[in-house]
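Chemist: Pasting a structure here, questions to come.
Laboratory data are not the source of any read-out in this text; all were calculated from the coordinates shown. It should be emphasised that the depicted structure is a prediction, and the values quoted were computed from it without experimental measurement. Cβ sites come from the backbone with ideal geometry, for glycine too, and all protein chains shown count toward neighbours.
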């Protein structure tokens with residue numbers, strides 16, 4: 001007897017394989033590294049991550065972001081009223097060859113903050129990587145900062161992956 005898997009089952013199994021949860025890890029220096037694979041062409045994903053307004057809208061972040069084009073880059077203003085502390089910054093963000101990079105220029109919340117997106121082709125779509133590093137100028141325990149940062153980045157990557165069918 002021959003075992004045949006119907007096309008619907010193949011599609012279901014393929015969807016499960018492609019829809020792996022984003023991986024999020026923080027190293028000893030506090031740098032967060034997140035990766036998601038999405039079943040879309042890398043060029044489409046790259047165009048999306050190079051638009052900070054689009055990424056913010058898709059991320060589910062409750063803060064207010066305004067990105068104003070400036071000489072091929074963006075001046076980004078962000079504010080979030082929070083129970084623990086208000087968060088705000090001004091960042092300069094620019095496209096890179098395979099992604100997007102943002103650096104805080106001025107902030108009462110961060111002594112420094114860097115975020116970098118990259119996209120690379122993989123079998124069946126694109127791998128999206130987000131690397132985030134921040135030195136927070138608030139008197140909060142490191143374990144709390146790490147937990148909240150990882151949770152927020154995991155949620156953002158999950159929403160963005162879902163946007164692209166991942």
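Chemist: Can you give the extra length, in nm with one decimal, that the chain gains between residue 140 and residue 47 once fully stretched, where that is 0.36 nm per residue apart less the Cα-Cα distance?
Modeler: 29.9 nm
Chemist: What order do you get for 143, 117 when you list them from fewest to most C-beta neighbours inside 10 Å? Show your work: numbers first, answer last.
Modeler: Details: 143 8, 117 26.
Final ranking by Cβ density, sparse to dense: 143, 117.
Chemist: Using only Cα atoms and rounding to the nearest 10 degrees, what angle (0 to 90) does helix 7-18 make with the longest principal axis of the chain?
Modeler: Taking the Cα atoms of the chain, the angle to 7-18 is about 30 degrees.
Chemist: How long, wide and thick is the chain, going by the Cα atoms along their three principal axes, in whole angstroms, largest first?
Modeler: Taking the Cα atoms of the chain, the three principal extents are 70, 39, 26 Å.
Chemist: Given labels modelled 7 Å from the Cα in the Cβ direction, how far is it in nm from residue 70 to residue 86?
Modeler: The answer from the label model is 2.1 nm.
Chemist: Taking 41 Å as R0, compute the FRET efficiency from the Cβ-Cβ separation of residue 148 and residue 123 and round it to 0.05.
Modeler: After rounding to 0.05, the efficiency reads 0.75.
Chemist: Another question about this same structure. Over region 85-166, how many percent of alpha carbon pairs lie in each 5 Å bin up to the one with the longest distance?
Modeler: 3, 12, 18, 23, 19, 12, 7, 3, 1
Chemist: Between the helical axis of 142-163 and the dominant principal axis of the chain, each derived from Cα atoms, what acute angle in degrees is found, rounded to the nearest 10?
Modeler: Roughly 50 degrees, rounded to the nearest 10.
Chemist: How far, in nm, would the chain grow between residue 62 and residue 98 when pulled straight, counting 0.36 nm per residue and subtracting the alpha carbon separation?
Modeler: Result for the pair: 10.2 nm of gain on full extension.
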